[in-house]
1. Within segment 453-494, which residues are open to solvent by 30 Å² or more (accessible area, probe 1.4 Å) and modelled with pLDDT of 65 or more?
2. Would you confirm whether or not segment 384-391 contains a residue that is over 20 Å from residue 284 (Cβ atoms), assigned to a helix (DSSP H, G or I), of a type outside the set (S, T, N, Q) and out of contact with any Leu (no Cβ under 7 Å at 6 or more places or on another chain)?
3. Considering only segment 298-309, I want to know if a residue exists there that is of a type in the set (Lys, Arg), farther than 30 Å from residue 352 by Cα and buried (at least 17 other Cβ atoms within 10 Å of the Cβ).
4. Of all residues being in contact with a Leu (Cβ under 8 Å, 6 or more places away or on another chain) and not hydrophobic (A, V, I, L, M, F, W, C) in segment 40-57, which is nearest to residue 452 (Cα to Cα)? Just the residue, please.
5. Quick one: residue 398 ticks every box in (1) in contact (Cβ under 8 Å) with a residue 12 or more places away in the chain; (2) surrounded by fewer than 22 Cβ atoms within 10 Å (Cβ to Cβ) bar one, so which box is it?
6. Of all the residues that make up segment 310-338, how many are touching a residue at least 60 places away in the same chain (Cβ under 8 Å) and either open to solvent by 50 Å² or more (accessible area, probe 1.4 Å) or closer than 30 Å to residue 424 by Cα (or both)?
7. Contact list please: Cβ distance under 7 Å, first residue in segment 427-439 and of a type in the set (Gly, Ala, Ser), second residue in a helix (DSSP H, G or I), pairs at least six apart or on different chains.
8. Can you give me the number of residues within segment 220-244 that are open to solvent by 30 Å² or more (accessible area, probe 1.4 Å) and either farther than 21 Å from residue 284 by Cβ or part of a loop (DSSP other than H, G, I, E, B) (or both)?
Amino acid sequence: MNRNRLKSGSVTLVSVLAFMLVAGLLFTMLEAGRFREMEKVAKMQTDAAIESLFANYEPTLWEEYHFLAVEAGDSRTDSFEQRETYLKDLLEESMGGFFTATVQNLELDHYIYVTDQKGAAFQSAATAYMENNFAYEFYRQISQLSEGIEELKEEDLDEYVGEAQDLIEAAESEAETESGTTQKPRILTGYKLSNPNQYQSNTQSETPLDVADEINATGLMCMVLPPGTKVSGKSIDLAQAVSKRERKNGSGDTIATGFYQTIATEAYLSTYFSSYTNPIKTHGMEYELEYILCGFERDQSNLNASIAALIGVRELANFGYLLTDTKKCSEAEAIASGIAIAIFQPELIEPIKYGILASWAMAESVMDVRALLQGKKIALIKNSAQWSSDLSNLISIFDTETISQDCENGFDYQTYLLALLLLKSSEKRSLRALDLMEATVREQENRADFCIDHCLIETGLAVSYRYHSVFWGMDILTKDFEGDFFVEGVSKYSYRKAGA
């Protein structure tokens, strides 16, 4: 009897020890599984947290420019600490239940501001947007065209025809009373001329060279814009512009940009930035492409400088064409011969001839720019059928209603501006565009402290979570392993990558 009892007791002890080993193994496996799930939950919650941060993008930038950026501070504060506190509270609220954990450490790292690397970050973000939304942009332009056609159908065209007939009759009557003289152009609204009479000219005494001198002396906008045109008076403070002031710098990786990013950024600028032929009243400046090209603080100054640049481009192209047109060269040489003989200096025939051709090219250029500003297209290099001015009547260019004919194979005003923008450095294009975006937000939100160089387009988030073991410590074998453990959650979010 005693021997049997002892034997039964020895079997029970072995069973207990075996059960303890199995329980320890089971709890270890459960804790290991929980640790694995904690890693997944930490990664998932970190991803959700950073996406929550980037969901708080600046609304005006998106509504006006379709550009995504998160404000991390203003001109008075750097709210990185506030952002990190917000993320910490958000994560601790979400890490509950079976996966309860506290945030031991949280840091935003490898962050990139929109102005970083001389505007390369902006180019990268704009390129990503155009890549992701090519189909949308195409559909949007088609929709706008359809809306324009519908509006045209709803208009009372008979009323416009009647008004046009009245204007024609008034013009004919005015021409009869002022025949033989050149009408003095009306001064543009908002402009003052030191000598308004400078536009009065004598058509019988002026040569093509005199016409060129008068064009140079005349305000370019008054020469090319229709009478009574109202020009925007908006401006920005260049002293406080992001392109001029010291900017904040991020800690992200180097951003590579090239020709592809340049073209994509040009497409982005042409889509969302305004110009004289496509003004946007809600933006900080109405002539934004002109500002990016010229960089003056007033819309008027930028428009005038852009007109001057366009006239220069057109004059070069027109002069090149004239040199290839033997008939026009003969006309210029005939006038040059008359002038040279009249002053008894026949050796000057050739220089005067080229001076006349240059004057002719300039007159044609003024007419070209007028046409461009009225929405017409002008060919880069014209042919004889597209040429509009007459050497014998160059003085007619002082009539602001005299414009070049539309060219089917030509380019419009905005395309010429974008071509000129390609001659600017990518730094100037990007930072001046950001000047305008900042000005628009400040104006619309009435926030003088908004700084676009405090806006993030990319950042990383590193979080260290602390959690307490659940299964370890439930048995004697794993009791010593009970305690706090740490798991890392790392994530990254970017507005500047396609598909992000």
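1. Within segment 453-494, 466, 468, 484, 485, 486, 488, 490, 492, 493 qualify.
2. Yes, segment 384-391 contains at least one residue that is over 20 Å from residue 284 (Cβ atoms), assigned to a helix (DSSP H, G or I), of a type outside the set (S, T, N, Q) and out of contact with any Leu (no Cβ under 7 Å at 6 or more places or on another chain).
3. Yes, because at least one residue in segment 298-309 is of a type in the set (Lys, Arg), farther than 30 Å from residue 352 by Cα and buried (at least 17 other Cβ atoms within 10 Å of the Cβ).
4. Among them, the one singled out is 57.
5. Residue 398 satisfies every listed condition except (2).
6. Within segment 310-338, residues that are touching a residue at least 60 places away in the same chain (Cβ under 8 Å) and either open to solvent by 50 Å² or more (accessible area, probe 1.4 Å) or closer than 30 Å to residue 424 by Cα (or both) number 10.
7. Listed pairs, sorted by first residue: 430/119; 430/122; 430/123; 433/122; 433/269; 433/292.
8. 9
The values are calculated or read from the model by the stated rules, or taken from the named source; none is laboratory data. Since this is a predicted model, take the numbers as computed values, not measurements. So basically every Cβ, Gly included, is an ideal-geometry build from the backbone, and we count neighbours across all protein chains shown. These area figures cover heavy atoms from the full protein model, side chains too; ligands, DNA and RNA do not enter into them. Shrake-Rupley method; radii C 1.70, N 1.55, O 1.52, S 1.80 Å.
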